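S.K.: My questions will all concern the structure given below.
Read-outs: derived from the displayed coordinates by stated rules, not from any lab. Remember, it's a predicted structure, so these values are computed and weren't measured experimentally. Here the Cβ positions follow ideal geometry from the backbone for every residue, glycine too, while neighbour counts run over all protein chains shown.
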Amino acid sequence: MGSAKHAKYQLGQIVRHRVYPFRGVIFDVDPIFNNSEDWWLSIPPEIRPRKDQPYYHLFAENDETEYVAYVSEQNLLPDASGEPLRHPDIRELFEGPENGIYRFRGEQKH
């Protein structure tokens, strides 16, 4: 059994997809792939990610819509645009952002 990789990104962090034009806020992390085989196989083979890496649940948005995305660590990049996100669920869970990071509501500042 290999050692679990540490997640590169943190809850509340604003990230963007490496290939597709969307951004989002991380609200949960799986240490390794935890979705259906059908979902994984639906990803085009040339960009299909490895399963043995952290996967992130995002409140995501593109120019047209807001949705929830499930993205591998290798396909995420930090988003330094400083632009606010409009996804309606963000406000229910988070406050902020401050320095590109949202804080869970009620969480103490460090």
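S.K.: Given a Förster radius of 25 Å and the C-beta distance between K51 and Y20 as r, what FRET efficiency does 1/(1 + (r/R0)^6) yield to the nearest 0.05?
M.R.: The formula returns an efficiency of 0.85 here.
S.K.: Same structure again: Over the chain, what relative contact order in percent results from Cα pairs under 8 Å that are six or more residues apart? Walk me through the numbers on the way to the answer.
M.R.: Working: 183 pairs, mean separation 30.8, N = 110.
Relative contact order, the chain: 28 percent.
S.K.: Next up: Take the Cα gyration tensor of the range 14-104, multiply each eigenvalue by 5, square-root it, and list the three semi-axes largest first, rounded to whole angstrom.
M.R.: 23, 14, 12
S.K.: Still on this structure, I have one more. Taking the Cβ of each residue in E95, E83, E46, E61 as the centre, tally the other Cβ atoms inside 10 Å and list the residues starting with the fewest.
M.R.: E46, E83, E95, E61
S.K.: Okay, moving on. Which three semi-axes in whole Å describe the equivalent ellipsoid of the range 60-99, each the square root of 5 times a Cα gyration tensor eigenvalue, listed largest first?
M.R.: In descending order, the three semi-axes are 17, 15, 11 Å.
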